[in-house]
Structures are given as structure tokens and as C-alpha cells.
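Below you'll find the structure, written out as C-alpha cells, and then a few comments.
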Amino acid sequence: MERRDFFQSGFAAGLLGLGGTAVLPSVLSASPRRLADGSVRLSSNENPLGISPAARTAIVEGLDLANRYPGASKAPVVDALAAKHGVAPKNILMGNGSTEVNQMFVQLFARVRLVTAHPTYEDVGRYAAPFALPVTQVPLRADYSHDLDRMKEVVDRSSGPTMVYICNPNNPTATVTSSAEIDSWIASAPDNVYFLMDEAYYEYAEEDPSYWSALKWVPDNPNVIVVRTFSKIFGMAGMRLGYAVAHEDTIGRVGAIASYNNTNHFACVAALASLQDDALVERSVDVNARARSVLEDALDELDIERLPSRTNFLMHRIQGDLRSYIDRMKERGWLVGRPFPPMLSYNRVSFALPEDMARFAETLRDFRSHGYV
């Protein structure tokens, strides 16, 4: 029996033991818009569109090889990423989400100190903890960009290999640090300073003239590592696939400690299909921009302070206790962002579909009448 016939027949449902209901196709066609209880998650910077239709098809068609290790499905993704970024396959390292990629680089290269902004993506600092690596957190500037001058002062006081982690645009603030300033530091940095450039939100920030990728440093500078993910713009957060682009010597060192099978087959086939879907990024950026506009307009109407966003989320000011605000939003069916010390008078909101953001705006208006924002 052919795979298509299998899914269309009662035989598939019988094997699944669910009384004539073929579960897999129904799962793949489910809407990613809301959770099972009807609430909308605005807490994890996820893509509300879900995965590409081409990725859905690739997953189903990839079932025939689910019994095989993922080496054969991984190689075409590496080749496609190399072509996309104008590098060789030996400049690419994939992992179980960009989180694992960041973990490998931190634990191999941050021999003396890890320097990060504060607040920033917190998992990177946690990766240093098991190895007792000192982590220096440098507060953001008043405009919520990275304070590169103070970070450089910390690095200059270190005597051995140091890693600088720069999440740009930054999570949780959604703000951009000038790429020209970053380039200036990289150009003057000594050989014992490594730059881990987290560009998880790169595609959302391309409209900002002060922002560009650090990829240009990769061919000739082994100390610059650019990390990207399929979680955000490609909507694959649950499938866990990320990658690094770096000098071949740097990739070789980290590749020596990486698990060979750290990327699963279905993530690989979905990623390859997503990379070949030319309209996917444009569609995601457009929906994100419209959703952001709805929320920004509502916040401005209510005169609620917000930070400028170059991502798929933003931070806005609240009144009173943040935990109480989060709980009140949950009661209304909205799961909003967790606390990000020291910014405890702000809440982070991920963008849903524009129509959902319009409903969320109505909740904000009601909250204003109660003095919650």
C-alpha cells in the first residue's frame, strides 16, 4: 500500500487504534493559533503562522525514513545553509535548536570569563554555571542597547580567553545595538576574545539601517560565531533546529565535541522545505509587522510606554506588581511574558496574528480602566 493510500484508508486509523480517526493528518492540519484551553500564548516569541505548508508536506513524506538515523537528511540542510550564506559546508554546525549551539560554544571557548548584557537571553549564562566560569553581566544603556564600552572594559581586564555574547536584536528588550559599533570592536579585539553573535531575530530587523549581520567576519576571523535558528521566522520552535556559521577551524573544534545525531530527521526535512519556500520569510515578516503595528497603536493610544521593537515581541510598561499583571492576563486568556529582572515594571508580549493582537488591545484598554497598565 502506498503512503498516501495508507493515510486515506481506515487501515491507518485502525493501526492507530482510534476508532476510524487518522490522527496524524489532523494534527498536521491543526491551527497553531491557540492552545487547547483556548488561550493565546504571547510569552515565548513564537511564530503564530506555524510551519510552512511545504514543511508539513515534507514531514509526512519523510515518514518513510523515520527508522533511519538523520545523517542523510542533515547533509542537504547544511549544503542549503552554506549556499544561503555564501560559505562552505565546513562553515556550518547544526544543533538541537540554537540553544544547544550556544551551549557548545560557551562551554568550549569561555575559558576565563563570559561577558553578557543585562538583561539578555538568560540561558547562555546558565551554560557557564556547571563549569564555574565567571559571568559578568553589564547593564544595558539608557536606550536599551548593549553598553559595548563597558563590556570592553570588562574584557580588557581579563587575562585569558573570554567570550562576549551579543544577542542582537536583544531578547527580552527587542532593541538593536549598532552593528557599526560591534564591527569596530571586533576589528580591534585581540585573538583571545570570542564573539558569540546570536541573530535569532535577524529577519525581523533587516528594515533597521543601523543593523546588519556579523556574517562578513566569518571567512577570515575564527573568533566570530554567528548563531541562527529555525524557531522564529520559520515557525519551527517545537522541532528544535539551530545552527552556527563560523570559520572552519572554529567549527572543527566544536564539531569534535558535538553529538553526531543532535538533529532529528523531521526537523531536517522541514528545514530544507522551509529554505526552499521563497514566500515564507516575506509572509512571516509581513504578518509580524501588521501585528506589531496593532499593538503599538494601542499602547500609544493609551499613552503606555513601550520600547522600540525590531523583533516579534516588545516590552511595555505596567502599573503595580508584575506577577499580578501576568495572572490577570492569564485569567483573560492571554499568556504573556515572564519577569525579566531588573525590568520588573515592564512586560514582554510576543506578537500573535493581527486579529488576535486587536483582541489583546481591547484587554489592554480594559486593564487601563482598572489601573493595571
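Normalising the average separation of contacting C-alpha pairs (under 8 angstrom, six or more residues apart) by the number of residues puts the relative contact order of the stretch 93-198 at 29 percent. Hey, rough spin-label estimate for Arg111 and Asp37, points 7 angstrom out along Cα→Cβ, what's it come to in nanometres? Between Arg111 and Asp37, the label points sit 4.9 nm apart. Each Lys and Arg adds +1 at its Cβ and each Asp and Glu adds -1 at its Cβ; summed about the Cα centre, the chain shows a dipole of about 940 debye. For the pair the stretch 27-106 and the stretch 301-373, the centres of their Cα atoms are 29 angstrom apart.
Excluding the site residues themselves, the longest part of the chain lacking any trypsin sites (Lys or Arg not before Pro) in a DSSP loop with at most 12 other Cβ atoms within 10 Å is 158-373. Springs join every pair of Cα atoms under 10 Å in this Gaussian network model of the chain, and among Ile166, Ile59, Ile257 the largest mean-square fluctuation is at Ile257. A simple count of charges around Ser188, restricted to other residues whose Cβ falls under 13 Å of its Cβ and scoring Lys, Arg +1 and Asp, Glu -1, yields -4.
Take every pair of alpha-carbon atoms less than 8 Å apart whose residues are at least six positions apart; their mean separation over the length of the chain yields a relative contact order of 22 percent.
Here Lys84 is the anchor, and the lysines within straight C-alpha reach of less than 24 Å, apart from those fewer than 8 places off in the same chain, are Lys74, Lys216, Lys232. Think of each Lys and Arg Cβ as +1 and each Asp and Glu Cβ as -1; about the Cα centre, that makes the dipole of the stretch 62-275 roughly 660 debye. Per residue, the convex hull spanned by the Cα atoms of the stretch 279-370 measures out at 96 cubic angstrom. Label zone of Asp191 (point 7 Å out along Cα→Cβ, amide N under 18 Å): in the stretch 207-230 this covers 218-225.
Spin-label model, Arg56/Arg283: points 7 Å from Cα along the beta carbon direction are separated by 0.9 nm. Spin-label pair Ile304-Glu362: with each label point 7 Å from Cα along the Cα-Cβ axis, the two points sit 1.6 nm from one another. Once C-alpha pairs closer than 8 Å and six or more residues apart are averaged by separation and normalised to the residue number of the stretch 279-370, the relative contact order reads 35 percent.
Once the chain from Gln319 to Ser184 is taken as fully extended at 0.36 nm per residue, the excess over their C-alpha distance is 44.7 nm.
Calculated from the alpha-carbon coordinates, the chain shows an Rg and a Dmax of 21.9, 69 Å respectively.
Values quoted throughout were computed directly from the atomic coordinates according to the rules given, and no laboratory measurement underlies them. Note that the structure is predicted; figures quoted are calculated from it, not measured. As a convention, Cβ positions derive from the backbone with ideal geometry for all residues, glycine included, and neighbour counts pool all protein chains shown.
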